[in-house]
Amino acid sequence: MINKVVSSPEAALADVSDGATIMIGGFGNAGMPSALIDALIAQGARDLTIVNNNAGNADTGLAALIGAKRVRKVMCSFPRQSDSWHFDRLYRAGEIELELVPQGTLAERIRAAGAGIGAFFTPTAYGTKLAEGKETRRIGDRDYVLEYPIHADYAIIKADRADRWGNLTYRLSARNFAPIMASAARITVVQVREIVELGALDPEVVVTPGIFVKRVVKVAATLKRAA
Amino acid sequence: MKKMDHKQIAARVARDIPEGAYVNLGIGLPTLVADQLPKGREIILHSENGVLGLGPKPLPGHEDEDMMNAGKEPATLVTGGCFFHHADSFAMIRGRHLDFAVLGAFQVSVAGDLANWHTGGADAIPAVGGAMDLAVGAKKVLVMMEHLTKKGESKLVERCTYPLTGARCVNRIYTDLAVLDVKPDGLHVVETVEGLSFEELQRLSGVPLKRLASAA
């Protein structure tokens, strides 16, 4: 019997090794897998490469992981925020590496990894600093930049509901990067609000099919939800 | 002359957005356009984080941390709106499905080059977000900005001195002084605020401007 349900966030991330590349879902707090990030901090792996849209906010979640000096490199589109002080401090001290990627290119590089694409040409960033040193090509009447996929050892994401096969549904704008990250990582670990019986999810509305998911852990909802 | 305030510029941008348009409003000044869209028109707002049909700010007490706009502020969904993942969201942008992107700017060149993501300063932490995708992907790129910097320098320039967001991507510029179209032969003045002559706008702008024969 397939059962991807794991007892705790700690058990779900016990095998992360130093130097791993980890994709973390979420856009701000929406979709941020906070319990899994806390477990990763407790687990102790260091020298990590993190893929997220941002570089942490305030003092919790990804910001806490960065603040604990466990991250060697961040790949993101928008590190600078009013409350990204942990990243800002380490970046200015030269203690953390940044690969700045336009948001759509970040998404497509993740998607490409999950879809088995070797590389792709995108018009985004052509003629800008972010395309310096990259291969370009004129196709038809437009110029494009060659971009490579981003593969990860782990994706840690948050979904709303899951079954024991790892089929997932999401809630509102918390979906964001999670479905593509799930496909791009060797091991995808999901924090969900609710685990339901096989068959209880409407097959028409499953967003991430279980084939992309390795481990599921139930975490009580802590976020503020509208009534 | 009667300079426009930010709300008036937003209202001027909104006037040019037709019924049925799919629109992305960038962070900063462009977000003001949302409240100025004519009530009778169905216009669908796109948000990078996987939302079509972005609605206004929620009422106090109705915020939901799973429902954000691209600026990570609490948001709502209009009736008929929907969600999708980030790769689909940027397929909408890059794939030329969006009718308009309204973006802020540090500088726009006479050729329509846009600089809006990085001051290039050695100590500045660069952040780009979705700006470069919107610049190349939207069918029309509209820029909304102050005409002059705080120091009084023109933000319309011969060549951008700040790092580019996109080359030759801007179609129309809305400032507190004027509306200008970017055409292959340079910047055409569509209209100026009351009491501002073409000659005076030309002097303030510091780059060659053309009179538009007939306003678009």
From the list B:LEU180, B:LEU114, B:LEU164, exactly one residue is under 17 Å from B:VAL13 (Cβ atoms), within 14 Å of chain A (Cβ to nearest Cβ), of a type outside the set (S, T, N, Q) and in contact with a helix residue (DSSP H, G or I) (Cβ under 9 Å, 6 or more places away or on another chain). Which is it? B:LEU114
For residues in region A:188-200 being under 21 Å from A:ALA30 (Cβ atoms) and free of Cβ contacts under 8 Å to residues at least 60 places away in the same chain, which is nearest to the chain's Cα centre (by Cα)? A:THR188
crowded, with 18+ Cβ neighbours inside 10 Å, within 14 Å of the chain's Cα centre (by Cα) and of a type in the set (S, T, N, Q), is that true of A:ASN57? no
Looking at B:ALA111, is it of a type in the set (A, V, I, L, M, F, W, C) and not in a loop (DSSP other than H, G, I, E, B)? no
Checking the structure you have, find out if any residue of region B:86-94 is modelled with pLDDT of 95 or more and assigned to a loop (DSSP other than H, G, I, E, B). no
For region B:137-166: of the residues being outside any loop (DSSP other than H, G, I, E, B) and over 13 Å from the mean Cα position of the chain (by Cα), which is farthest from B:PRO184 (Cα to Cα)? B:LEU148
Take A:GLY67 and tell me if it is modelled with pLDDT of 95 or more and touching a Gly at 6+ places or on another chain (Cβ under 7 Å). no
For B:LYS139, all conditions in the list (1) under 24 Å from B:ARG15 (Cβ atoms); (2) surrounded by 15 or more Cβ atoms within 10 Å (Cβ to Cβ); (3) out of contact with any helix residue (DSSP H, G or I) (no Cβ under 7 Å at 6 or more places or on another chain) hold save one; what is the number of the exception? (2)
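Conditions (1) within 14 Å of chain B (Cβ to nearest Cβ); (2) outside any strand (DSSP E or B); (3) of a type in the set (S, T, N, Q), marked per residue:
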| site | (1), (2), (3) |
| --- | --- |
| A:ALA155 | yes, no, no |
| A:ASP160 | yes, no, no |
| A:GLN191 | yes, no, yes |
| A:GLU197 | no, yes, no |
| A:VAL216 | no, no, no |
For region A:1-108, please list each of the strands (runs of 3 or more DSSP E) lying entirely inside it that holds at least 1 residues being under 23 Å from B:THR165 (Cβ atoms) and either without any contact (Cβ under 8 Å) to a residue 40 or more places away in the chain or more than 14 Å from chain B (Cβ to nearest Cβ) (or both). A:71-76, A:97-100
Test A:LEU146 against the stated conditions and say whether it is touching a residue at least 12 places away in the same chain (Cβ under 8 Å) and surrounded by fewer than 14 Cβ atoms within 10 Å (Cβ to Cβ). yes
Apart from one, (1) touching a Ser or Thr at 6+ places or on another chain (Cβ under 9 Å); (2) more than 14 Å from chain B (Cβ to nearest Cβ); (3) surrounded by fewer than 24 Cβ atoms within 10 Å (Cβ to Cβ); (4) over 22 Å from A:ILE2 (Cβ atoms) all hold for A:ARG137; the odd one out is (1)
Here is a list: A:ARG92, A:ARG111. Which entry is surrounded by 22 or more Cβ atoms within 10 Å (Cβ to Cβ) and within 30 Å of A:GLY67 (Cα to Cα)? A:ARG111
Residue check for B:GLY40: at pLDDT 95 or above, away from every other protein chain (no Cβ under 14 Å), more than 16 Å from the chain's Cα centre (by Cα) and surrounded by fewer than 19 Cβ atoms within 10 Å (Cβ to Cβ): no
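The values are calculated or read from the model by the stated rules, or taken from the named source; none is laboratory data. Keep in mind it's a predicted model, so treat the numbers as computed, not measured. For neighbour counting, all protein chains shown are included, and Cβ atoms are generated from backbone atoms with ideal geometry for every residue, glycine included.
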